[in-house]
Every structure is written in structure tokens, then in C-alpha cells.
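Notes to accompany the following structure.
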Amino acid sequence: MPEAEYARTRRHLMWRWRSNPLRRHADVVEARVVVAVWAAVSLGGAFVGTLTADSIDQSFAERRAALHADQGVLLESTMDAVAMAEGPQRISVRAQVRWTTSDGATHTSRAWVDAGREAGATVPVWTDGQGRLTREPPSAGEAAAESAFLGAGAAVAFSGLTYAAGRAVRWRLDRRRYDLWAREWEQVGPQWRRRTM
């Protein structure tokens, strides 16, 4: 790009910031709003996404640390659930399980276990700090993937809201300019009509 054309293009892109007799206060405000919105979208979106992903990942890590697995014995077959499944997916079903906790107490209850097991099979039973049954927590890889997905969603949501707020401000500035133009036309329009007659 030739030097003169580059300078002309740069002047054209920065016209709202220059001293210009046609520049209105609303033009300067709009230019600043655009810059602020894009800065907030890029920096704020990245910050919100990272903060959300880290928070969710930490929550999953705390949950994994609070739960522990005991070895249980499956008291009923879960083979029927495999026949109803379509495709090679992993299916969990609720089935009667007996397990012994670290303090020696034996418990029997319905727990989530993998389908396709015969009665008498050994299955992991997940319990919380109070000994209540719960689902298996997500693995570190699953938690990282879910955290990243939710962090990206939070970044997109924040960016969308920020962009919408910027568009609302610009719409208000446009309405104000239209009203100003209408008032100016009411003053100038009659003068033009007299000259053409």
C-alpha cells in the first residue's frame, strides 16, 4: 500500500478522534463506546471464561476429594439393561448393592452401577463424608473438559451481554442524532423551500 494511501486510510479510520468541525459530541461518545465494548468483550470475556473454568474445575476437584469408593457386591443382575441399550454406550442403572464401610458397618441400598453385570459381581460404590450414596464423580479429564466448555459458555454469554449493552447505547445515540437532525431540518427546511419558489 503506498504511503499516501495508507495515511489517507488511517485518517479515515480515525476521523472521530480528530478535530473536525462536523464532529458531534455523540460521534465521540459512540467511538469511545465502541472501543470500550470491544475491550470489554476481548479482555472481560477472557477473564470471565477463565475465572468460571477455574472455579468449576476447583469445585469438581473438591467433590472428588470429598467422595470415596467402597467395594460393594451386586445383589441383582443388570444384564437386562444391556439388551435395551442401542449402540456401544456405557449405561448406568440403579441396582441393589451391599457394601461394608471403613468402620465395619454393612449397608444395603440401591446404587448406580454399570449395566451388564451379574448378581454377585464386585462394583464400586461411591459415598460422601456422611456415608450417603452418590454418583461416581467425573474423572479429572471429564471435569477439565466440562470446565472448559462451561468457561467458554460464560465468556460467550458475558461478551454477548456486553455487545448488546453497547448496541443499546449506540441505538440511543442514533435516536438522539435523528431527533437532532429533525429539529435542525425544521429550522432549515422552510428556508430551502422559499429559495426554490
TODO: Specify the inter-centroid distance of the stretch 28-80 and the stretch 140-170, based on alpha-carbon positions, in whole Å.
DONE: 10
Open item on the list: Using protein chains only and a probe of 1.4 angstrom, how many square angstrom of residue 181 are accessible, to the nearest 10?
Closed with: 110
TODO: Enter the accessible area of residue 126 (Å², nearest 10), with the probe set to 1.4 Å and all protein chains included.
DONE: 60
Task: Per DSSP, loop GluC sites (Glu not before Pro) in the stretch 98-184 with at most 15 further Cβ within 10 Å - done: 118
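Give me Rg/Rg_expected for the stretch 147-197, where Rg uses Cα atoms only and Rg_expected = 2.2 N^0.38 Å with N residues.
Taking N as the residue count of the stretch 147-197, the ratio is 2.22.
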Task: Simple spin-label estimate for residue 75 and residue 61 in nanometres, 7 Å along Cα-Cβ - done: 3.9
Task: Projected-area mean, the stretch 32-142, by convex hull of Cα positions, square nanometres - done: 10.5
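The values are calculated or read from the model by the stated rules, or taken from the named source; none is laboratory data. The shown structure was predicted, so the numbers you read here are calculated from the model rather than taken from an experiment. Positions of Cβ are backbone-derived with ideal geometry, glycine not excepted, and every protein chain shown enters the neighbour counts. For accessibility, only protein heavy atoms count, side chains too; no ligands or nucleic acids. Shrake-Rupley method; radii C 1.70, N 1.55, O 1.52, S 1.80 Å.
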